[in-house]
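Worksheet: the structure to be examined is printed underneath.
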Amino acid sequence: MNEISSIQTRRPDHFARWERVRERLRVSYGEAIFKSWLQPLKLADVKNGQAMITVPTRFMREWIIAHYADNILRFWCQEDQTVHSVDIFVKAEPIAIHNPSAQQQQHQPAGLEAAMLGAAANEDKPINPDSISAPLDPRYTFENFVVGKSNELAHAAARRVAESSTVTQGGNPLFVYGGVGLGKTHLMHAIAWHIRKTDPSRKVVYLSAEKFMYLFIRAIRSKDTMAFKEYFRSVDVLMVDDVQFISGKDSTQEEFFHTFNALVDQNKQLIISGDRSPADLEGMEERVKSRLGWGLVADVHSTTYELRLGILQAKLEKVPGAQVPQRVLEFLAHKITSNVRELEGALNRVVAHATLIGGAVTMESTQEVLHDILRANDRRITIEDIQKKVAAHFNIKVTDMHSARRSVAIARPRQIAMYLAKKLTTKSLPEIGRKFGGKDHTTVMHAVKRIDELSRGDKEFADDVELLMRMLQSAT
Ligand code: ADP
Ligand code: MG
């Protein structure tokens, strides 16, 4: 009888793995990018450690290789260690052949997404202007936005811009920044919904910086940059989401800058979001940064417990019939501190699980359903944690982390802490510098380099740093 089970050598299920890789891509890049770029990828086969993926156009292939291939490979290796390369091929979607003299226009893909997925033959055709503004999420309205300490400034600014029928004085551009999943996109959509409702004659365009870049590159390829420029200069309210995406992309930045200036000159409203303040955007030209910071700059901070609880309650009211004990809501608000997207996801999972098995939501079921998220939230390390741990380890004061003292006994631990902050958190160099008593980003860069050098030359030193890193990763 044992033989039967041993004979059943399971065929590795590449397609199931691919599904998991796709899920992780969706989570890492968010729904918008996933839909535009990653959803169209299809797994063709996995052979001899080579995963073969097809895309519909040459342009997409280049784009995927430039932006996403590293992570696709990384995620795949985590699913299946025998995979050592991911290869991307163009395979045009089968398209119907039409009589060329008949109305070709009708067979053009509609909408940007379709245009991007368009068969190779259509690749260099200009894009239909109606498809430039991305679709707005109907849930992202002001009514559905819960206001708390951490987002009240950004919310007030967004309201003001939305409710004013002309450009708001001192509020152009409105620049909203903050970490992922804290409501920036929600606020931008809310502004767009509001203006569309109250003042439909104003032309409101919302798009991601990534799409702006895509459209621009495409306009260059189809030798149609005039139409591109004209289109963007004819907009009344332009919103560009996640502007950090065009960091380091010089020609797109240049074009963005000109569009920006042209609109400001014509007294049109601009609303921009980014993951950090204009001054902290790395890889962005100085003149662009300074322009971005011209108007009203509002940040969304990490959420507070009260806001998280408020959001959970508001979301729950939107799910008919769902019953979640207050204790569970409090538990979630207490535990899931990373961002609102994760918080919402957690609530959805808890509710979906109860619906699926037909039981009630309890503390036990919640902990079980969310064990992975709860663990990940436990592990998040802050710069303060690092400073405390390193100071304790070297027997110096935490305040020395912020000082300018240069004696090696103080300066070295401070450099180690900066190094660990760079390795263990997602903070940028300027942000790290600020947390160390307002030091310049070059000081942090120097510290990282110095610790790397010392670690290479001195095994004992390297072990010390390694030990601190491990302690931080396993604590908190
Ligand atoms: P960001 O653009 O900052 O990454 P999003 O705007 O996409 O974040 O927000 C992530 C999710 O969290 C969205 O589903 C959004 O509706 C929700 N969300 C964020 N902040 C709030 C809030 N204050 N009230 C209600 N929902 C929120
Ligand atoms: Mg966003």
Original post:
Picking from 405, 341, which residue would you name as being in contact (Cβ under 8 Å) with a residue 12 or more places away in the chain, of a type in the set (Lys, Arg) and open to solvent by 50 Å² or more (accessible area, probe 1.4 Å)?
Top reply: 341
Original post:
Among the residues of the stretch 426-457, which ones are open to solvent by 70 Å² or more (accessible area, probe 1.4 Å), farther than 19 Å from residue 404 by Cβ and part of a loop (DSSP other than H, G, I, E, B)?
Top reply: 426, 427
Original post:
Restricting to the stretch 194-206, what's the tally of residues that are crowded, with 21+ Cβ neighbours inside 10 Å and within 16 Å of ligand 1 (Cβ to nearest atom)?
Top reply: 1
**OP:** List every residue pair whose Cβ atoms lie under 9 Å apart, where the two residues are 6 or more positions apart in sequence or sit on different chains, the first residue falls within the stretch 25-45 and is open to solvent by less than 70 Å² (accessible area, probe 1.4 Å) and assigned to a helix (DSSP H, G or I), and the second residue, located anywhere, is more than 16 Å from ligand 2 (Cβ to nearest atom) and polar (S, T, N, Q).
**Re:** 25/71; 26/39; 28/71; 29/71
**OP:** Of the conditions (1) in contact (Cβ under 8 Å) with a residue 60 or more places away in the chain; (2) more than 30 Å from residue 304 (Cβ to Cβ); (3) open to solvent by 40 Å² or more (accessible area, probe 1.4 Å), residue 214 clears all except one; give me its number.
**Re:** (3)
Original post:
Is there any pair with a first residue in the stretch 182-202 that is in contact (Cβ under 8 Å) with a residue 40 or more places away in the chain and a second that is assigned to a loop (DSSP other than H, G, I, E, B) and more than 16 Å from ligand 2 (Cβ to nearest atom) whose Cβ atoms are under 7 Å apart and which are 6 or more apart or on different chains, and what are they?
Top reply: 190/142; 194/142; 195/202
**OP:** Test residue 313 against the criterion of being farther than 21 Å from residue 28 by Cβ and modelled with pLDDT of 95 or more, and give yes or no.
**Re:** yes
**OP:** Filter the stretch 350-376 down to the residues that are within 25 Å of the chain's Cα centre (by Cα) and touching a residue at least 24 places away in the same chain (Cβ under 8 Å), then identify the one that is most open to solvent (accessible area, probe 1.4 Å).
**Re:** 376
Original post:
Got a number for residues in the stretch 371-395 being of a type in the set (Val, Ile, Thr) and farther than 23 Å from residue 416 by Cα?
Top reply: 1
Subject >> Every residue from the stretch 155-190 that is farther than 22 Å from residue 203 by Cβ and small (Gly, Ala, Ser) >> reply: 156, 170, 178, 179, 181, 183
Original post:
Given the residues 75, 59, which is the only one that is crowded, with 16+ Cβ neighbours inside 10 Å, modelled with pLDDT of 85 or more and not assigned by TED's automatic domain parsing to the domain that holds residue 207?
Top reply: 75
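To keep it simple, each residue is scored yes or no on (1) more than 23 Å from residue 307 (Cα to Cα); (2) away from ligand 2 (no atom under 14 Å from the Cβ); (3) not assigned by TED's automatic domain parsing to the domain that holds residue 276.
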| residue | (1), (2), (3) |
| --- | --- |
| 137 | no, no, no |
| 160 | no, yes, no |
| 171 | yes, yes, no |
| 182 | no, no, no |
| 189 | no, no, no |
| 195 | yes, yes, no |
Original post:
Which ones in the stretch 426-476 are β-branched (Val, Ile, Thr) and at pLDDT below 85?
Top reply: 426, 476
**OP:** Could you grab me the full set of residues in the stretch 377-398 that are open to solvent by 20 Å² or more (accessible area, probe 1.4 Å) and part of a helix (DSSP H, G or I)?
**Re:** 378, 384, 385, 388, 389, 392, 393, 394, 398
**OP:** Mind counting the residues in the stretch 148-183 that are hydrophobic (A, V, I, L, M, F, W, C) and open to solvent by 70 Å² or more (accessible area, probe 1.4 Å)?
**Re:** 2
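The values are calculated or read from the model by the stated rules, or taken from the named source; none is laboratory data. What you see is a predicted model; the values in this text were computed from it and never measured. With ideal geometry, Cβ positions are generated from the backbone for all residues, glycine too; neighbour counts draw on all protein chains shown. Surface areas here come from the heavy atoms of the whole protein model, side chains and all, with no ligands, DNA or RNA. Shrake-Rupley method; radii C 1.70, N 1.55, O 1.52, S 1.80 Å.
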